[in-house]
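Right, one structure below, let's go through it.
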Amino acid sequence: MLDEIYRYHDGTKHHFHGLARSLGYLDWASQPNPFRSFHGAAAVSLRPRPDALAATAAVGAILRHSLGISAWKRDAWAGWPLRVNPSSGNLHPTEAYVVAGPMAGVTGQSALFHYASDRHALEQRCAFDAASWREAVPSSHATLLVALTSIHWRESWKYGERAFRYCQHDLGHAVAAVSLAAALEGWRARVLGDWSHREIAALVGADRDDDYLEAEREEPGCVLTLTAEASAGGEPPLVARDVLLAGLSRGTWSGRASRLSEDHVQWTFIDEIAAATEDPGRARPALPAPPAVPAPPAFPARVILQRRSALALDPRSSIDSERFFGILAATVPSSAAPWSALWWDARIHLAVFVHRVEGLEPGLYLLVRDASAEERLKAAMRSDFLWVRAHDRLPLFQLARGDCRSLAGRLSCDQSIAADGFFSLGMLADFDASLREHGPSFYRHLFWESGVIGQVLYLAAEAAGARGTGIGCFYDDPVHDVLGIADHAFQSLYHFAIGTPVDDPRVTSEPGYAWESST
Ligand SMILES: Cc1cc2nc3c(=O)[nH]c(=O)nc-3n(C[C@H](O)[C@H](O)[C@H](O)COP(=O)(O)O)c2cc1C
């Protein structure tokens with residue numbers, strides 16, 4: 001069962017002697033458009049309006065604070081948009097859809113919409129009868145569905161075969177972004193583990209061949225419920241999938257997907273891993289027991305909108321230990337967003353290279369995000385690691401002492417941010433055991449969890465007056481060698497660095513949407 005996953009995962013590792021297969025150069029003529037639109041679909045602006053009703057305003061605010069454009073950057077040659085959610089290479093493979101009952105000011109019917117972040121608008125793909133919606137989602141609280149898909153080509157255009165991984169990271173970032181933006185509005189988001197890919201494709205119309213003639217297809221990702229009243233707690237509302245899908249199939253569809261590139265390179269390895277990890281859905285997963293850890297504060301809108309990737313980090317400044325522990329504490333599962341959005345318990349642990357944290361010896365540390373993995377981590381890693389408790393509340397262990405700046409930089413594809421930050425880290429996934437327990441589709445979920453952690457690290461860094469950068473480029477097995485990991489029990493899936501940003505003064509910044517300059 002794991003063979004096909006090993007084949008792709010090992011086959012897309014970066015090695016000191018060579019990177020995972022890609023074109024090796026950028027074919028600018030076929031650069032994919034980062035914004036999809038559906039020609040012929042009516043669009044409704046989500047620009048805030050004083051007369052909007054609460055639920056409609058909440059939908060706009062949630063999308064604006066999760067997947068909207070947060071800034072336009074400009075240098076002497078070009079301008080480019082950046083979004084609230086980050087993306088490997090700023091290529092943005094993730095598309096988002098909203099399914100909702102009648103919303104005043106948006107639609108009188110139940111409808112499926114595509115979110116067009118370039119215009120902050122909803123494009124109506126399908127209108128269907130309100131009775132199907134009410135029967136399918138009989139919740140007493142306002143509820144809507146958000147579905148996420150990936151366009152692999154957007155990432156494979158640049159990164160070739162490794163791109164499937166980046167699409168999954170980005171999807172995880174988007175899940176966290178939606179969950180955190182929902183929390184700002186007092187709503188609660190939950191990934192629904194019971195939806196199969198086939199059902200998600202039917203929900204968003206990604207299986208409608210005629211609507212995608214010559215256009216790049218979308219790979220189903222996940223469906224989330226968003227429910228007003230975070231305090232509603234407990235189980236997510238039951239969604240009768242068959243009733244909803246039947247309603248949509250009888251609905252009135254409109255719009256044809258725009259084509260993103262004139263030419264394409266086929267990366268069949270990606271099609272193979274996508275097929276091998278197709279999600280058949282599962283019985284409604286039991287929610288993990290709420291962790292005993294108290295919920296950390298949510299991130300305010302200001303922090304969410306100011307999030308940026310640092311392009312360079314100052315190699316001299318340091319962080320005090322209180323802020324450092326605060327950033328790590330934000331990644332520990334709790335009953336708050338975004339952790340409350342996930343239906344599985346924590347599978348990712350953080351191997352932290354501490355460079356300059358006041359009061360803490362430089363060296364290698366491990367944050368064990370799920371205590372049940374501690375003994376297996378000990379067994380899988382080097383036997384001479386220290387395993388000295390480094391904090392009285394956080395599950396943080398000192399593994400080795402020493403200056404590991406050049407090692408950390410080397411492991412992250414020789415990127416100086418990993419050496420120059422206060423610290424950098426590798427996200428170690430509980431790989432084999434998780435795949436055995438949840439099946440091959442969980443390969444994607446492991447990346448999603450790492451993306452969720454990445455989003456929290458970005459925001460926790462901003463809130464602490466620092467800045468972070470996600471790092472998808474690292475030398476996989478050399479990381480495992482440093483940790484003493486010799487098999488697939490644990491695998492590093494994503495790296496991250498946090499420090500003091502060094503900005504490029506030649507790049508200027510404008511608000512994400514023109515109407516925001518005047519409000
Ligand atoms: C999964 C992922 C991997 C990334 N890998 C790298 C990397 O290896 N090196 C780097 O400098 N930036 C990396 N980034 C940062 C992106 O380049 C950045 O998110 C993108 O340019 C958009 O900028 P923003 O984060 O400021 O919105 C990564 C981001 C993500 C989400």
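Things to note:
- Per-residue ³J(HN,Hα) for the range 93-110, Karplus 6.51 cos²θ - 1.76 cosθ + 1.60, θ = phi - 60°, Hz, x for Gly and Pro: x, 7, 10, 10, 10, 10, 10, 8, x, x, 10, 4, x, 10, 7, x, 10, 6
- Percent of Cα pairs in the range 347-443 per distance bin of 10 Å, from zero to the largest separation: 15, 43, 31, 10, 0.
- Net dipole in debye of the range 1-111 [+1 Lys, Arg Cβ; -1 Asp, Glu Cβ; about Cα centre; nearest 20]: 340
- Unit charges at the beta carbon, dipole of the chain: most positive-side option, His17, Pro220, Pro50: Pro50
- Length added when fully stretched, Asp263-Arg47, from 0.36 nm per residue minus Cα-Cα: 74.3 nm
- The chain - accessible surface per residue (Å², probe 1.4 Å): 38
- Check: the range 392-465 dipole with +1 on Lys, Arg Cβ and -1 on Asp, Glu Cβ, in debye: 80
- The distance between label points at Phe35 and Asn90 comes to 1.5 nm (points 7 Å beyond Cα on the Cα→Cβ vector).
- Dividing the C-alpha radius of gyration of the range 221-274 by 2.2 N^0.38 Å, with N its residue count, gives 1.83.
- FRET efficiency, 1/(1 + (r/R0)^6) with R0 22 Å, evaluated for Asp10 and Ala371 via beta carbons: 0.15
- Under the span-like rule (Cα at least 18 Å along the axis, Kyte-Doolittle mean at least 0.0), DSSP H helices of the chain: 163-184, 442-463
- Relative contact order of the range 374-519, pairs being alpha-carbon contacts under 8 Å that are 6 or more residues apart, as %: 29
- Against the rule of thumb 2.2 N^0.38 Å, how large the Cα Rg of the chain comes out: 0.93
- Average Cα contact separation per residue, the range 1-133, under 8 Å, 6 or more apart, as relative contact order %: 23
- Cα-projected label distance for Ser406 with Ser249, points at 7 Å along beta-carbon direction, nm: 6.4
- Potential extension, Trp28-Asp392 segment - 0.36 nm per residue separation minus Cα distance: 125.8 nm
- Gyration tensor verdict on the range 128-223 (Cα atoms; rounded if a/c is under 1.5, prolate if a/b is larger than b/c, oblate otherwise): oblate
- Burial ranking of peptide ranges 154-166, 41-53 (average Cβ count within 10 Å, highest at the top): 154-166, 41-53
- Ranking Trp344, Gln306, Met381 by how far each Cα lies toward the positive end of the dipole of the range 301-410 (charges on Cβ) leaves Gln306 at the top.
- The order of the peptides 346-356, 253-263, 21-31, 106-116 by mean Cβ neighbours within 10 Å, most packed first, is 346-356, 106-116, 253-263, 21-31.
- Candidate residues Ser335, Ser66, Ser37: accessible-area rank, largest first, probe 1.4 Å: Ser335, Ser37, Ser66
- For the range 25-160, the alpha-carbon radius of gyration amounts to 1.18 times the rule-of-thumb value 2.2 N^0.38 Å expected for a compact globular protein.
- Ordering of 192-199, 423-430 by packing is 423-430, 192-199, highest average first (other Cβ atoms within 10 Å, averaged per residue).
- Charge dipole (Cα centre; +1 on Lys/Arg Cβ, -1 on Asp/Glu Cβ; no other charges) of the chain amounts to roughly 1000 debye.
- Extension reserve of the Ser140-Ser321 stretch, reckoned as 0.36 nm per residue once the Cα distance is removed: 60.6 nm
- In terms of its alpha-carbon gyration tensor, the range 405-477 comes out oblate; a/c meets the 1.5 threshold, while b/c is at least as large as a/b.
- Cysteines of the chain lacking any other cysteine Cβ under 4.7 Å from their own Cβ: Cys126, Cys167, Cys222, Cys404.
- Projected label points at Arg284 and Asp504, each 7 Å from Cα along the beta carbon direction, are separated by 5.0 nanometres.
- R0 of 25 Å, Cβ-Cβ distance Arg382-Glu361: FRET efficiency to nearest 0.05: 0.90
- Rounded, prolate or oblate (a/c below 1.5 giving rounded, otherwise prolate when a/b exceeds b/c) for the range 253-382 by Cα gyration tensor: prolate
- Efficiency of FRET from Cβ geometry, Asp3 and Asp118, R₀ 51 Å, rounded to 0.05: 0.80
- Accessible area of the range 44-100 belonging to carbon and sulfur atoms, whole % at 1.4 Å probe: 62
- All aspartates and glutamates inside 12 Å of Lys158 as judged from Cα atoms, apart from same-chain residues fewer than 8 positions distant: Asp27
- Largest accessible area first, the residues Glu449, Glu272 order themselves as Glu272, Glu449 under a 1.4 Å probe with ligands, DNA and RNA left out.
- Here the range 141-210 has 40 percent of its accessible surface on carbon and sulfur atoms, given a 1.4 Å probe and all protein chains in place.
The values are calculated or read from the model by the stated rules, or taken from the named source; none is laboratory data. Here the structure is a predicted model, which means the values were calculated and not measured. Positions of Cβ are backbone-derived with ideal geometry, glycine not excepted, and every protein chain shown enters the neighbour counts. These area figures cover heavy atoms from the full protein model, side chains too; ligands, DNA and RNA do not enter into them. Shrake-Rupley method; radii C 1.70, N 1.55, O 1.52, S 1.80 Å.
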